[in-house]
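A short write-up of the structure that comes next.
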Amino acid sequence: MKVAQLFRLSPSSLAAGYIAVGVLALALFAIPLWYGWNVNSATFKVYLQGEEVQGLVDVFGREGATGLAAAIEAKLATLPDDEVIALADPSKKRLAGNLPAWPPEIPDAPGTFGLEISRGEQASMRVVVTHVRLPGGYHLLVGRASVMRFEFLMKFFWYGIAGATAIILVLGAVGWMIRREGKEADDRLRRSEAFLAEGQRISLTGSWGWNPSTGTVIWSDQQYRMLGFAPGEVEPSVDLFLKVVHPEDRPRVRQGLEEAIRELRSYAIDYRIVLQDGSVRHMRSVGRPVATGDGRVEEYIGVTTDTTERVQAEAALRRAQRLEATGTLAGGIAHDFNNILGAILGYGEMAQRDAPKGSRLRRDLESIMAAGERGRALVDRILTFSRSGVGERVPVHVEKVVQEVLDLLMAKLPPNVTIKAELRAGRAAMRGDPTQIHQVVMNLATNGIQAMDAGGTLRVSLGRTRVDTQQIATTGTIAGGDYIVLKVGDSGSGIPPGILDRIFDPFFSTKEVGVGTGLGLSLVHGIVTEVGGAINVETKVGAGSVFTVYLPRDGEVRDGPRDEQPELPRGDRQRILVVDDEEPLVHLATETLRELGYMPIGFTSSTDALAAFRSDPKHFDAVITDERMPGISGSALIREMRGIRRSIPILLVTGFVGGLVVGRAYNSGATEVLKKPLSAQELAASLARVLQH
């Protein structure tokens, strides 16, 4: 138990009590000490008369020891009973006086003493005596009885000194303990306040108090900072708080406060604030009334929490869920569209080879092929968006890719638009697909150029940075680590706040009909998310937008040898089993393979194809099968064929070339996986590779 709590007193009251007790104790000891000292001083002054002793010494000087003995004996007749006198020779043998013998209690040294002596048959007495050494070694003793026992007085004196010292030490110890407890309490209070302030700073939570009757408002330091002020910079008030609240939310917040006061209830309000730099933060305030004993509400107390990161994370999650759902739908559509494109491009390619150069038929076929290639590019973008078209992850020299995109843009740049590039990433690399990074830069730059109808400057920068603590971006989370940072900014009209949350949605576009597909930013979002990056968007209506892309850095990249385009390989009449549920694609594949020197055998039913293979496994040199087919899928067909003939080369063709599809295909036993629609060159090269191995 604390000293200050022992008697339920405050430390100051307890200290004052101890001081009062100490003063009283010192007074009780000081009064008898003062009295005894004065009485004994008087005893010395009265009883020990210097002239009387000196007279006896003078007698000894004139008449010697015999004369002094005679004078003492003559003096005894009138000597009071409380007085003593004695004369002794050098051996302390009594020569004269009213004492039966020289008192052994008398010290050898001369001086004045207070002691108790024996008077023979009479009771001993307490005396104050003077011992004088006379010439020749004689001893003279003169004294009287003491009014107060001197030894008792001395003991009493030392007891008083000891008691007073003990009290002073106790008071000092108690004072030290009280001071230490007070200092510890102050330290605990300071630590508690520091912990609270640091906890509020870390959790982005401020506290406040409000007296509705007086209008008095109190803010914690963190509350000041969250509302955009330095602690103590302004006088807090409800009006100042409402001034910071977003104009669109201000009426709702004011109404919530008024209803809470009127109904004397707690409240919780979510709202936005606009800081002095124009940035918007999301807040949540929770308050409750504090009532007095008679039920009156004296004040409201509460906390305000910055919920910006949580709101952004929830929006990012909803956006990701929308993208995932839309991507699944888009991937299914793209697969079916791939089959149609495969027939168009395949037959168009075959017809081109037979059409005379320069003829109208050749020009029409070229237009058909160009339209088919645009459709193929659109399907690729849809599949990439749906995360079904992720290519092989390799180190990508990002600065080189960005420079290639800028070179392409320069060739078709509008006359009133300029590009200002600042590329400082050097040989920094990231792991991904170069084609995808090309699409990211191209889409962002194209959007920026199209946003500047009246002309302007497109600013593209590339650099390196390190992020120490996790940050919330417009899309995704920026974890700690090294990044390659791509910034694409325009001086266009900016993005209205009302649609900012939808710009990454698939098929959302603010452009005119026929301009763009609405997949550009959703494609960028899908690619950046796939490689573990994030995107931050800064925009201001009338001042343009800046898209900042964070790409995880993966060391440096080295230039490798350039790939040479191989000649179209041809077959040597190998028998190829072709399986696809689309008859036009089976016909196209068999015609192409026949022109390449192979002997194809086509099936539109995977069940029939498996039966033919099972009846004569050695009859076929390789197999080409689609993945998505009714009955037996391509992966299941491969597993069955591997069980019959383990070493046969098998190509799996699919419109989905995502990680799961590719992994499942290779686990089933596919030798290679190709993406629809196939060109003759891709088919010839892949088939030659698997047959060679």
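Before moving on, here are some points about what is shown:
- Cα shape, the stretch 62-131, gyration tensor, a/c 1.5 rule: oblate
- Å² per residue, accessible surface of the stretch 230-276 at 1.4 Å: 61
- Accessible area of the stretch 593-679 divided out per residue, in Å², using a probe of 1.4 angstrom: 43
- Residues Arg363 and Asp501, FRET efficiency given R0 of 51 Å [Cβ-Cβ distance, rounded to 0.05]: 0.65
- With all protein chains modelled, accessible area of Asp453 [1.4 Å, Å²]: 140
- Percentage relative contact order, the stretch 575-660, counting C-alpha pairs under 8 Å, at least six apart: 31
- With protein chains left intact and a 1.4 Å probe, residues in the stretch 338-378 average 59 Å² of accessible area per residue.
- Around Val690: net Lys/Arg minus Asp/Glu count, Cβ-Cβ under 11 Å: -1
- Beta-bridge orientation, the stretch 564-693: approximately 0 percent antiparallel, per DSSP, counting only bridges with both partners inside.
- Computed accessible area, Thr469, all protein chains, 1.4 angstrom probe, square angstrom: 90
- Under the Karplus curve 6.51 cos²θ - 1.76 cosθ + 1.60, θ = phi - 60°, whole-Hz ³J(HN,Hα) for the stretch 581-586, x wherever Gly or Pro sits: 6, 8, 4, x, 6, 5
- Ordering of 421-428, 601-608 by packing [mean C-beta count within 10 Å, highest first]: 601-608, 421-428
- At the residue level, Tyr224 shows approximately 20 square angstrom of accessible surface with a 1.4 angstrom probe and all protein chains present.
- Take the Cβ atoms of Asp108 and Ala77, set R0 to 35 Å, and the FRET efficiency comes out at 0.70.
- Apportionment of accessible area to carbon and sulfur, the stretch 237-278, percent (1.4 Å): 49
The values are calculated or read from the model by the stated rules, or taken from the named source; none is laboratory data. Keep in mind the model is a prediction, meaning the values are calculated, not measured. No Cβ is skipped: glycine too gets one built from the backbone with ideal geometry, and neighbour counts run over all protein chains shown. Just so you know, the surface numbers come from the protein's heavy atoms only, side chains and all, with ligands and any DNA or RNA stripped out. Shrake-Rupley method; radii C 1.70, N 1.55, O 1.52, S 1.80 Å.
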